[in-house]
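Below you'll find the structure, written out as structure tokens, and then a few comments.
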Ligand code: UDX
């Protein structure tokens, strides 16, 4: 089938390449010309394992093309995916829908045949309804159907998650063709017996928001338990392992530590609270405020811990920060807990040296005033404390004996609870989590 993907960021570029992989003819629309040029040359402008190969293969085969023209998009196909960003509004909790709205405003007046718009972006409940009303106003003697098909991909596993999702969710208004068309689009996945859930648009929108709210809650739950463990002298990792054996609870997303960041969970729980407030259901989600609070306290706590191991002051101290991305296997630094901690420590007068295997360029752009090292060892040179804040394998497997030789003080703060405490303590490190 012929399809258009509007927006070629993490979500859209992955979706476009994966739809080509499924055998469809895809036109990707990206308005930023620099990004467009890179993608058209088969280069991925961010780090996502497996995506460069897939993209290159389908650019070369001609099954995937990139353009900046909505006119070309309108001519190319009758099925359009919206994959543009929905960031947090500046100074507010709610989601900024300007890119989603702009896509519909620009596309619909150009359409000359009946069309289907499938939303993939994470949006507040009610968005598909509002967009449908607007599309009806803009459409010229044609029917433009809007349905919502949320995406659950994780950065770092985006290709795998898109080609082999846990489930496909589709929210359709009655009387349209969205279900039939989507069944054709995803037929190979449906044949693999991946659950295909057809519901109404508000439910589909809320499936996505609820999933992210649940994941955020799970992380903050274990981090709240970690706070109690600190006070009681108990081991939160052992608790996570023990409760995780209960199949009703499950061990995944129970890793305590520095908490969640990134372009999704933090802004999605905030947008969810804001939307619930607009709907008069604010009370139902007050617990998410606490989820957010617990999460932000993790960052402050690590800064305090660093100060504590540096004899009560960070002024004039050298701090090594291992990790800048919001999680491993990503170069994304949006709302990165690691960079946030690095910034706070610098504000307290320390000199901070940061190293990340993939996120250096993005970090420099966001936080130009931090020092950036070219390796973990270099970052740790003469450090008074080493903070492991993103659990990249190269940090988890670092040799404590080797690192010992370059630091000034053997203080290691394991912000992701991923190191072998005994191995570090046995060669003289003071280990804190
Ligand atoms: C998330 C959802 O997982 C995905 O389904 C949705 O489509 C987009 O948002 P992503 O932002 O890529 O995906 O990252 P995820 O793997 O969920 O991790 C989010 C954050 O939580 C990271 O900062 C990670 O370090 C943190 N985390 C995760 C924990 O602190 N503890 C855990 O146990 C798991």
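Pairwise inverse Cα distances across region 140-195, averaged and inverted, put the Kirkwood hydrodynamic radius at 12.7 Å. Each label was represented as a point 7 Å from its Cα along the Cα-to-Cβ direction; for residue 96 and residue 53 these points are 3.6 nm apart. Once the Cβ-Cβ distance of residue 210 and residue 405 is raised to the sixth power relative to R0 = 35 Å, the FRET efficiency obtained is 0.10. Its Cα gyration tensor gives region 1-137 an equivalent ellipsoid; the semi-axes, largest first and in whole Å, are 24, 19, 12. Of all beta bridges that DSSP places with both ends in the chain, some 5 percent have antiparallel geometry. Once every Cα of region 80-204 carries one equal point scatterer and solvent is ignored, give the base-10 log of I(q)/I(0) from the Debye formula at q = 0.10, 0.14, 0.17 Å⁻¹, two decimals. Debye intensities relative to I(0), on a log10 scale: -0.32, -0.63, -0.92. Using only the alpha-carbon atoms of region 181-269 as identical scatterers, what base-10 log of I(q)/I(0) does the Debye formula give at q = 0.19, 0.23 Å⁻¹? Cα-only, vacuum Debye calculation for region 181-269: -0.94, -1.09. Beta bridges from DSSP with both residues in region 2-199: antiparallel share about 5 percent, rounded to the nearest 5. If you fit an axis through the alpha-carbon atoms of helix 265-278 and take the longest principal axis of the Cα set of the chain, what angle between them do you get, 0 to 90°, nearest 10? It is inclined by approximately 60 degrees.
Relative to the longest principal axis of the Cα atoms of the chain, helix 286-309 runs at roughly 30 degrees. Residue exposure proxy: 433, 286, ordered by other Cβ atoms within 10 angstrom of their Cβ from fewest to most, comes out as 286, 433. Taking a point 7 Å from the Cα of residue 397 along the Cα-to-Cβ direction, the residues of region 298-331 with backbone N closer than 15 Å to it are 329.
In whole percents, the pair-distance distribution calculated for the chain from its alpha-carbon pairs, binned every 20 Å from zero, is 24, 52, 22, 2.
How big is Rg to Rh over region 303-433, alpha-carbon atoms, Rh as the Kirkwood inverse-mean-distance radius? Provide the component values of the computation, followed by the final result.
Working: Rg = 13.1 Å, Rh = 14.2 Å.
With Rg and the Kirkwood Rh in hand, the quotient comes to 0.93.
Of the beta bridges in region 216-433, as assigned by DSSP with both residues counted there, near 0 percent are antiparallel. The label point for residue 140 and the one for residue 183, both projected 7 Å from the Cα toward the Cβ, are 3.4 nm apart.
Once you have the Cα-Cα distance between residue 192 and residue 377, take 0.36 nm times their residue separation minus that, and quote the gain in nm to one decimal. Write down the numbers at each step before the final one.
Numbers: separation 185, 0.36 × 185 = 66.60 nm, distance 4.64 nm.
Here the segment from residue 192 to residue 377 would lengthen by 62.0 nm.
Once both axes come from the Cα atoms, what is the angle between helix 98-107 and the longest principal axis of the chain, in degrees from 0 to 90, rounded to 10? Long axis of 98-107 versus the principal axis of the chain: about 20 degrees.
Full extension from residue 286 to residue 365: what is 0.36 nm times the residue separation minus their Cα-Cα distance, to one decimal in nm?
Details: separation 79, 0.36 × 79 = 28.44 nm, distance 3.46 nm.
Gain in length upon complete extension: 25.0 nm.
On full extension of the chain, what length is gained from residue 315 through residue 421, given 0.36 nm per residue of separation minus the C-alpha to C-alpha distance?
Working: separation 106, 0.36 × 106 = 38.16 nm, distance 2.75 nm.
So the chain would gain 35.4 nm between residue 315 and residue 421.
Read the figures in this text as sums done on the coordinates, not as results from a lab. Since the structure is predicted, the reported quantities are computational estimates derived from the model, not experimental observations. Every residue, glycine among them, receives a Cβ derived from its backbone with ideal geometry; neighbour counts consider all protein chains shown.
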